[in-house]
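Since the structure comes first, as structure tokens, the remarks are kept for the end.
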Amino acid sequence: MLVNLNGVFEKAKKEGTAIGAFNVSSWESAKAIIGAAEKMKRPVIMNYAPVHESFLTMEDAALIMLYHARKATVPVCVHLDHGSSFEQCMKAIRLGFTSVMIDASSLRYEENVAVTRLVVRAAHAVQVTVEAELGHIFTSQTGSHQEGSGIESAESFADLNDIYTSPNMAKDFVDATNVDALAIAFGTSHGIYVKEPVLDLERISAIRKVIDTPLVMHGGSGLSREEFQTAIKNGIRKINYYTYMALAGGEGLRKFFEDNGEEKHIFFHDIPQIAISAMEENLVNAQKIFSLE
């Protein structure tokens with residue numbers, strides 16, 4: 001069932017839970033995402049991140065994602081993650097994406113507002129929802145194909161208020177742009193954590209008090225169950241999650257080869273399903289956390 005962000009947020013708002021947003025980097029990852037969502041009977045967001053274009057183009061991703069979304073038994077939003085420009089967002093919309101993210105967070109605040117407002121105006125005209133980002137989300141350098149601002153750690157800054165999302169600025173930004181979801185910075189990182197993140201979970205509550213717009217956590221991989229669920233209880237409604245899903249697929253294959261070795265013939269057509277099953281199991285566990293189980 002193909003919907004936009006508003007279509008998947010209905011359940012999360014009613015329950016006070018979060019919806020998982022999982023990156024599609026292959027046919028196999030799409031199968032795992034839908035399989036886990038249907039097992040959990042929960043809405044899901046299928047992300048496409050342009051950073052994965054070297055092994056999956058946006059055009060091919062659109063075909064894969066829309067095919068799975070339309071035949072799914074749960075609401076599925078097909079979403080562009082970290083769109084870098086107005087033109088890239090419009091390309092996604094023309095391909096059939098039901099939601100786009102415009103990430104202009106590296107620009108000056110006034111420029112971020114202007115670009116986001118332009119994307120919102122065009123997207124809303126065709127019932128496509130828009131996510132934007134305010135603040136700076138860190139990027140670990142240990143993971144390959146990571147998206148984000150490129151800022152490596154909180155220690156680089158004397159005052160975290162310079163990089164974490166300000167509640168007052170969040171309110172001004174939402175009022176000025178009319179975005180449907182806002183990714184906020186409170187200490188999480190993209191990629192594999194190389195050190196403990198410096199999280200400001202109370203900042204989520206402070207932002208939630210001044211805006212009703214669904215809040216988004218980027219760089220959610222690697223947090224503890226308690227940290228995830230505190231963030232959700234404080235107001236996070238969408239969680240981007242990819243790195244540890246992809247690692248689970250790789251580890252599933254590693255275990256299969258270690259267990260079978262040279263004692264058994266290995267057919268290539270069996271390999272994708274091994275990775276799908278491992279990723280699906282990981283995503284079921286993630287969605288249990290996101291639904292506060």
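The values are calculated or read from the model by the stated rules, or taken from the named source; none is laboratory data. Just so you know, these numbers come straight off a predicted model, no measurement behind them. Cβ sites come from the backbone with ideal geometry, for glycine too, and all protein chains shown count toward neighbours.
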Take the residues of the stretch 5-20 that are touching a helix residue (DSSP H, G or I) at 6+ places or on another chain (Cβ under 9 Å) and surrounded by 24 or more Cβ atoms within 10 Å (Cβ to Cβ): which is nearest to Tyr241 (Cα to Cα)?
-> Gly20
Taking the stretch 164-182 as the search range and keeping residues that are buried (at least 22 other Cβ atoms within 10 Å of the Cβ) and small (Gly, Ala, Ser), which one is farthest from Val210 (Cα to Cα)?
-> Ala181
Can you name the number of the only condition in (1) without any contact (Cβ under 8 Å) to a residue 40 or more places away in the chain; (2) closer than 25 Å to Asp103 by Cβ that Lys41 fails?
-> (2)
Taking Gly150 and the conditions (1) of a type in the set (Gly, Ala, Ser); (2) at pLDDT 70 or above; (3) at positive phi, which numbered condition does it fall short on, given that it satisfies the others?
-> (2)
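I need the full set of residues from the stretch 50-68 which are hydrophobic (A, V, I, L, M, F, W, C) and either modelled with pLDDT under 95 or surrounded by fewer than 24 Cβ atoms within 10 Å (Cβ to Cβ) (or both), in order please.
Once the filter is applied, which keeps residues that are hydrophobic (A, V, I, L, M, F, W, C) and either modelled with pLDDT under 95 or surrounded by fewer than 24 Cβ atoms within 10 Å (Cβ to Cβ) (or both), the stretch 50-68 yields Val51, Phe55, Leu56, Met58, Ala62, Leu63, Ile64, Leu66.
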Go through the residues of the stretch 279-291 one by one and say whether even a single one is within 19 Å of Val44 (Cα to Cα) and either among the basic types (Lys, Arg) or not in a helix (DSSP H, G or I) (or both).
-> yes
Does Gly187 count as at pLDDT 55 or above, farther than 18 Å from Leu5 by Cβ and assigned to a loop (DSSP other than H, G, I, E, B)?
-> yes
All but one of (1) touching a residue at least 40 places away in the same chain (Cβ under 8 Å); (2) among the polar types (S, T, N, Q); (3) buried (at least 18 other Cβ atoms within 10 Å of the Cβ); (4) over 26 Å from Arg121 (Cβ atoms) hold for Ser26, so report the exception by its number.
-> (1)
Taking Ala36, is it under 27 Å from Gly235 (Cα atoms), touching an Asp or Glu at 6+ places or on another chain (Cβ under 9 Å) and buried (at least 18 other Cβ atoms within 10 Å of the Cβ)?
-> yes
Within the stretch 226-265, of all residues that are exposed (fewer than 12 other Cβ atoms within 10 Å of the Cβ) and either in a loop (DSSP other than H, G, I, E, B) or under 17 Å from the mean Cα position of the chain (by Cα) (or both), the one modelled with the highest pLDDT is His265
Flagged in the stretch 274-293 as in contact with a helix residue (DSSP H, G or I) (Cβ under 8 Å, 6 or more places away or on another chain) and free of Cβ contacts under 8 Å to residues at least 24 places away in the same chain, in numbering order, are Ile274
For Lys91, indicate whether it is closer than 17 Å to Val130 by Cβ, surrounded by fewer than 19 Cβ atoms within 10 Å (Cβ to Cβ) and out of contact with any Leu (no Cβ under 6 Å at 6 or more places or on another chain).
-> yes
